[in-house]
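Undergrad: I'd like to ask you about the structure that follows.
Each reported figure results from applying straightforward, stated rules to the coordinates on display, with no laboratory input. On a predicted model such as this, the values are computed, not experimentally measured, just so you know. Neighbour counts run over all protein chains shown; Cβ positions are idealised from the backbone, glycine included.
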Amino acid sequence: MNGINRRDFLKVGAATAGAVAASGLGFDLARANTIKQNLKIAGSQELHSICPYCAVGCSLVAYTRRNADGSTRLLQIEGDPSSPVNEGRLCPKGATAMQLAVSRRRIEKPLYRAPGSNSWVEKDWNFMLDKIAQNFKASRDRTFVAQDVAGNTVNRTEGIAFAGGAAFSSEEGYFATKVMRTLGLVHLEQQARV
Ligand code: SF4
């Protein structure tokens with residue numbers, strides 16, 4: 001150790017260890033630089049959105065590219081570093097947001113299971129919306145309370161509850177609340193409070 005002080009020794013040791021670790025793990029810096037220059041999002045369009053899952057409202061950046069046939073391909077979704085809410089970070093749930101668009105397991109059509117059946121059948125939206133309206137009316141008719149036990153007029157629907165989603169805009173939340181209250185619902189909740 002003649003001529004080498006403790007600080008120099010540590011520097012040499014750290015550099016040697018780093019080089020050994022890099023080569024041992026198969027890092028090729030020249031190749032890494034090439035890959036960096038060919039990011040899959042290079043030249044893509046950058047769009048900003050909000051995570052639909054919870055009330056934290058983390059911001060997302062979606063990278064898309066137009067295909068030759070005019071369709072749009074989603075390349076990547078990640079946290080928006082310019083957001084004061086999440087500063088580029090996403091929780092594990094938000095980090096999977098891209099799967100909402102690309103997952104092969106995503107259900108793209110309404111599925112209906114008839115009473116007593118053990119299997120799901122694909123239906124169109126007209127069928128489903130009619131079904132929801134019919135069930136809604138049947139439950140409301142069955143559970144509507146015009147007067148409480150003290151004889152006060154209350155006109156409320158106790159058999160149905162409504163929960164709004166965190167992806168609601170203020171206007172959607174306002175509209176949904178008005179519609180539900182008009183129908184007599186008193187059990188209203190919002191995912192943001194859960
Ligand atoms: S990324 Fe996670 S914390 Fe942020 S809004 Fe989505 S679900 Fe909520």
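Undergrad: The range 27-76: which trypsin sites (Lys or Arg not before Pro) are DSSP loop and have at most 15 other beta-carbon atoms within 10 angstrom? Write down the numbers at each step before the final one.
TA: Details: sites: ARG31, LYS36, LYS40, ARG65, ARG66, ARG73; in loops: LYS40.
Answer in residue order: LYS40.
Undergrad: OK, next. How would you classify the range 29-147 from its alpha-carbon gyration tensor, with a ≥ b ≥ c the square roots of the eigenvalues: rounded for a/c under 1.5, else prolate if a/b is greater than b/c, otherwise oblate?
TA: Details: a/c = 3.24, a/b = 2.07, b/c = 1.57.
Prolate, since a/c reaches 1.5 and a/b exceeds b/c.
Undergrad: To continue, here is another question. For the residue pair VAL145 and ASP69, what label-to-label distance in nm results when each label sits 7 Å from Cα along the Cα-to-beta-carbon direction?
TA: So the two model labels end up 5.6 nm from each other.
Undergrad: Going through the cross-link list LYS40/LYS109; LYS109/LYS137; LYS93/LYS178, which pairs have a Cα-Cα distance over 28 Å in this structure? All intermediate terms of the calculation are to be shown ahead of the outcome.
TA: On the way: LYS40/LYS109 31 Å; LYS109/LYS137 24 Å; LYS93/LYS178 31 Å.
Going by Cα-Cα distance, LYS40/LYS109; LYS93/LYS178 fall outside the 28 Å limit.
Undergrad: Aspartates and glutamates near LYS123 by alpha-carbon distance under 15 Å, same-chain residues fewer than 8 away left out - which ones?
TA: Counting by Cα, and skipping residues close in sequence, LYS123 has these aspartates and glutamates nearby: GLU108.
Undergrad: What GluC sites (Glu not before Pro) does the range 89-167 have in DSSP loop regions with at most 16 other beta carbons within 10 Å? Numbers along the way, then the final one.
TA: On the way: sites: GLU108, GLU122, GLU158; in loops: GLU108.
Taking the range 89-167 and a limit of 16 other Cβ atoms within 10 Å, the loop GluC sites (Glu not before Pro) found are GLU108.
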